[in-house]
Amino acid sequence: MKGSPIQRVDQGLRHTLPFVITLLLVFMAATPTHLPGFTPIMPQLPLIGVYYWAIFRPDLLRPWTAFALGAISDIVAGTPLGVSSLTFLAVQGFCESQRRFFLGKSFLVAWWGFGLVCAGALAIEWVGGCLVMLRLLAPGGLLFQYLMTVMLYPLIGWAFIRVQLAILRHG
Amino acid sequence: MATLRILAQRFAFAALIVASFMLMLLGKADTLVVERLRTVVGDTVAPVLEVMSRPAATIAELVQSVRDIARIRAENVRLTEENRRLLDWQTVARRLDVENRSLRSQLRFVPDPGVSFFTARVIGDTGGAFVDSMLLNAGSRDGVRKGEAVMAGEAMVGRVAEVGLRFSRVLLLTDINSHLPVILQDSATKAILSGDNTDEPRLNYLPPNAVVAPGDRVVTSGDGGAFPPGLPVGVIASTQEGIVLVRPFVHRYELEYVTVVDYGLAGILAGDAVEDLGR
């Protein structure tokens, strides 16, 4: 890192963006929508953040960041502690190891990839939840939650691309 | 050097995976540390959630007001009719009240302890396969205590399960960890209402000869001493194949403000028992 102290602070702040944005998605997922029947199928927004940044800026979303985001998500949502940490970590680890495949590919490929990763993530979360609670949980809204999350990827993914181009290009 | 760094990274990743499992175990053991962690993080994020829940509420209000306009005429007719009927009931209730008071004075009846309550805003609403809970913008500094009843209007919503300084978590009746002693109002049959994270919790431990029909009212029984008897909970929704489902009176999506009520009963149980109920 070179440049004046101000530049370094500026750079540092820019580099916290992936974490901050994903954290905001954690909060957004917990916001009351007051829509009938929507809460059980509320999309898992933070997964989109973890997926995107782990592929396109893995230097800014390290495993410990994914772990911390998961822990915060568990506490905010009231899910068993550690379940989302494990899920986010798995997504981060998978995406970082497979990122060469996604780099330079079209948006559609990234979307398709997210469809796969999201299915895996929700499965891990479900199994983790069952393990902690020691009983079989009704998957209930999981399928719809999956569809909602995947449908929202283009919108949030597009916003991420704008953010990356505008603020993180020189990173 | 590069291989060393990759090795270190792999090790860090594996360590974090192990840490996740440790967190799960720690949460399962339900130690004081986990509770402290939950309340500290909850208190920190509560203001953010509160700010974020406001625009969402505004949008919801807009949608609602458009729907309301369409409904208002029919509603008016219904309410006029209902008002007429209720006025009749009011007369009856007044008479009963007077009668009740005079009977109590003859019986030296000991009244229920005083009830105190306050209203809190819903700032977080999380549900799914794992939990059904809500976050409120009131915590221990406002006087919320674990185990207190959470009501919307006259009907029961859930109980306070976690209290931070400025937030509290409500365990809804529909949550998989919620078990509430109830009674069928008409037949006085006792049972336990157990959530399963769906909209309609189940009625368990019904006596074998119980007669249950859809539409029967379910209220709290007061057993266990955590809540007073007679708080409205819901109505029987269906009774198929021995599985009795209850439709709560309260729809969670309608909740913007709820009332946290202290019936002065928490003291009857030892502190731990109240906490267990909240779990």
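The values are calculated or read from the model by the stated rules, or taken from the named source; none is laboratory data. Values in this document were obtained by computation on a predicted structure and should not be read as measured data. FYI the Cβ positions are ideal-geometry reconstructions off the backbone, even for glycines, and counts take in every protein chain you see.
Values for this structure:
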item	result
Residue count for the stretch B:221-253, restricted to those that are within 15 Å of B:Asn204 (Cβ to Cβ), crowded, with 17+ Cβ neighbours inside 10 Å and within 14 Å of chain A (Cβ to nearest Cβ)	1
From the options B:Ser168, B:Ser187, residue that is of a type in the set (Gly, Ala, Ser) and at pLDDT 90 or above	B:Ser168
Breaking point among (1) assigned to a loop (DSSP other than H, G, I, E, B); (2) at the interface with another protein chain (Cβ under 8 Å from one of its Cβ atoms), for A:Leu136	(2)
Selection count, the stretch A:53-83, where residues are more than 14 Å from the chain's Cα centre (by Cα), within 15 Å of A:Cys95 (Cβ to Cβ) and part of a helix (DSSP H, G or I)	0
Lone unmet requirement of (1) under 13 Å from the mean Cα position of the chain (by Cα); (2) within 14 Å of chain A (Cβ to nearest Cβ) for B:Ala149	(2)
Candidate set from the stretch A:44-67 (those that are small (Gly, Ala, Ser) and more than 10 Å from chain B (Cβ to nearest Cβ)); member that is nearest to A:Gly141 (Cα to Cα)	A:Gly49
Residue pairs meeting the criteria (Cβ under 7 Å; at least 6 apart or on separate chains; first in contact (Cβ under 8 Å) with a residue 24 or more places away in the chain and within 17 Å of B:Met22 (Cβ to Cβ), in the stretch A:123-138; second small (Gly, Ala, Ser) and part of a helix (DSSP H, G or I))	A:Ile124/A:Ala90; A:Val132/B:Gly27
Residues of the stretch B:210-250 that turn out to be in a loop (DSSP other than H, G, I, E, B) and under 11 Å from B:Ala155 (Cα atoms), as a count	4
Matching residues in the stretch B:170-197 - criterion: being in contact with a Gly (Cβ under 6 Å, 6 or more places away or on another chain) and either under 26 Å from B:Asn137 (Cα atoms) or of a type in the set (S, T, N, Q) (or both)	B:Val170, B:Leu171, B:Leu172, B:Leu173, B:Thr174, B:Asp175, B:Ile176, B:Ser178
Residues of the stretch A:5-46 satisfying the condition of being hydroxyl-bearing (Ser, Thr, Tyr) and at pLDDT below 85	A:Thr33, A:Thr39
When residues of the stretch B:94-150 are limited to those that are of a type in the set (A, V, I, L, M, F, W, C), assigned to a loop (DSSP other than H, G, I, E, B) and in contact (Cβ under 8 Å) with a residue 60 or more places away in the chain, the one farthest from A:Leu137 (Cα to Cα)	B:Val115
Of the criteria (1) hydrophobic (A, V, I, L, M, F, W, C); (2) within 12 Å of chain B (Cβ to nearest Cβ); (3) closer than 25 Å to B:Asp125 by Cβ, which one A:Ala90 fails	(3)
So B:Arg202, is it in contact with a Lys or Arg (Cβ under 7 Å, 6 or more places away or on another chain), surrounded by fewer than 19 Cβ atoms within 10 Å (Cβ to Cβ) and modelled with pLDDT of 90 or more	no
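So that you can scan it fast, the table gives a plain yes or no per residue for (1) within 27 Å of A:Gly12 (Cβ to Cβ); (2) within 11 Å of chain B (Cβ to nearest Cβ):
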residue: A:Pro80; (1), (2): no, yes
residue: A:Phe102; (1), (2): yes, no
residue: A:Ser106; (1), (2): no, no
residue: A:Ala159; (1), (2): yes, no
residue: A:Leu168; (1), (2): yes, no
